[in-house]
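*Asks:* Have a look at this one before I ask anything.
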Amino acid sequence: MTTVLGIDPGTAVTGYGVVSRSGDGAVVLVECGVIRTSPRTALPDRIREIYEGVVQLLDRHHPKALSIEDVFQGKNVRSALTLGHARGAILLAASLGEIPIHEYTPSEIKKAVVGHGRATKEQVQFMVQRQLRLKSPPSPHDAADGVAAALCHCMTGAFPR
């Protein structure tokens, strides 16, 4: 089995999803969830918590690749800068673990999983559930977005068969 870790970065909630491709080519969900930090905690401590959470995931699953949502600048530049801190911690963890890193924009992930780049969070959840044949969609949205990032990597052809 070949495993990929997908990450939807955030300083309050970082979503993740671990998927594996079996020998017959089927992609299965191994684990998904979130790394939560407290808004009352200082930013440097929150960044450390995210880093340590990702290191634990890397140690537990030994992925062959990390697929991460790239920064997008919306209306709030401050949010984009803060998101960059979380991404930095995640990228550092993967780099130190010598895990290849693949970055995808939110619209690339949505297009790969749903079929168009402007999909809603509910549509992403539904398609993740459908593609992985799950009884219910991954929850919360951040976890589903992490799984979607992993699926995007599988669907772009970059994920070994």
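The values are calculated or read from the model by the stated rules, or taken from the named source; none is laboratory data. These figures come from a predicted structure and were not determined experimentally. Because the Cβ atoms are built from the backbone with ideal geometry, glycine has one as well, and the counts that use them run over all protein chains shown. Accessible surface is based on the protein model in full, side chains and every heavy atom, while ligands, DNA and RNA are left aside. Shrake-Rupley method; radii C 1.70, N 1.55, O 1.52, S 1.80 Å.
*Asks:* Give me a comma-separated list of calculated 3J(HN,Hα) values for the stretch 111-121, in order, Karplus coefficients 6.51, -1.76, 1.60 applied at θ = phi - 60°, integers in Hz, x for any Gly or Pro.
*Replies:* 5, 5, 8, 9, x, 8, x, 10, 5, 7, 4
*Asks:* Output ³J(HN,Hα) for the stretch 98-105: one whole-Hz value per residue in order, computed from phi by the Karplus curve 6.51 cos²θ - 1.76 cosθ + 1.60 with θ = phi - 60°, and x for Gly and Pro.
*Replies:* Values per residue, Gly and Pro as x: 6, 9, x, 10, 10, 10, 10, 6 Hz.
*Asks:* What does the C-alpha gyration tensor say about the overall shape of the stretch 39-99? Classify as rounded when a/c is under 1.5, otherwise prolate if a/b is larger than b/c, or oblate.
*Replies:* On the way: a/c = 2.93, a/b = 1.50, b/c = 1.96.
It comes out oblate by the Cα gyration axes.
*Asks:* Pick out, from Ala80, Gln131, Thr105, the residue whose Cα sits farthest towards the positive end of the charge dipole of the chain, with +1 on the Cβ of Lys and Arg and -1 on the Cβ of Asp and Glu.
*Replies:* Result: Gln131.
*Asks:* Taking amide hydrogens as modeled 1.01 Å from N in the peptide plane, which residues meet the under 5 Å criterion relative to Glu31, leaving out close sequence neighbours?
*Replies:* Answer set, sorted by chain and number: Val18.
*Asks:* Something else: Could you provide, to the nearest whole Å², the per residue accessible area of the stretch 1-128 with probe 1.4 Å?
*Replies:* Values: 6720 Å² over 128 residues.
Result: 52 Å² per residue.
*Asks:* Right, something else. What aspartates and glutamates could a cross-link reach from Lys121, if we take a straight Cα to Cα line under 20 Å and drop same-chain neighbours fewer than 8 places away?
*Replies:* Asp8, Glu31, Glu69, Asp70, Glu103, Glu108, Asp142, Asp145
*Asks:* Using a 1.4 angstrom probe on the protein heavy atoms only, could you order Arg48, Arg87 from most to least accessible area? Kindly include the intermediate steps, with their values, before the conclusion.
*Replies:* Working: Arg48 115, Arg87 20 Å².
Reading off the accessible areas and sorting them downward yields Arg48, Arg87.
*Asks:* Taking the Cβ of Met127 as the centre, find all other residues whose Cβ is under 13 Å away and add up their charges (Lys, Arg: +1; Asp, Glu: -1).
*Replies:* +3
*Asks:* May I ask what percent, to the nearest 5, of DSSP beta bridges between residues of the chain are antiparallel? Kindly include the intermediate steps, with their values, before the conclusion.
*Replies:* Working: 16 of 24 bridges.
Taking every DSSP beta bridge with both residues in the chain, the antiparallel ones total about 65 percent.
*Asks:* If you wrap a convex hull around the C-alpha atoms of the stretch 86-146 and split its volume per residue, what is the figure in Å³?
*Replies:* Details: hull volume 6.2 nm³, N = 61.
Cα-based convex hull of the stretch 86-146, divided per residue, equals 101 Å³.
*Asks:* Another question, if that's okay. Quick one: helix 141-155 against the long Cα principal axis of the chain, what's the angle to the nearest 10°, folded into 0 to 90?
*Replies:* Rounded to the nearest ten degrees, it is 50.
*Asks:* May I pose another question? Rounded to the nearest angstrom and ordered from largest down, what semi-axes does the equivalent ellipsoid of the chain get from its C-alpha gyration tensor (root of 5λ)?
*Replies:* Working: eigenvalues 109, 66, 39 Å².
Calculated on Cα positions only, the semi-axes equal 23, 18, 14 Å.
*Asks:* In addition: So how strong a dipole does the chain carry about its Cα centre when Lys and Arg Cβ are +1 and Asp and Glu Cβ are -1, to the nearest 20 debye?
*Replies:* Using Cβ point charges on Lys, Arg, Asp and Glu, the chain gives about 400 debye.
*Asks:* Which one, Ala149, Ser20, His62, is farthest towards the positive end of the dipole of the stretch 1-154 when Lys and Arg carry +1 and Asp and Glu -1 on their Cβ?
*Replies:* Comparing the listed Cα positions along the dipole, Ala149 ranks first.
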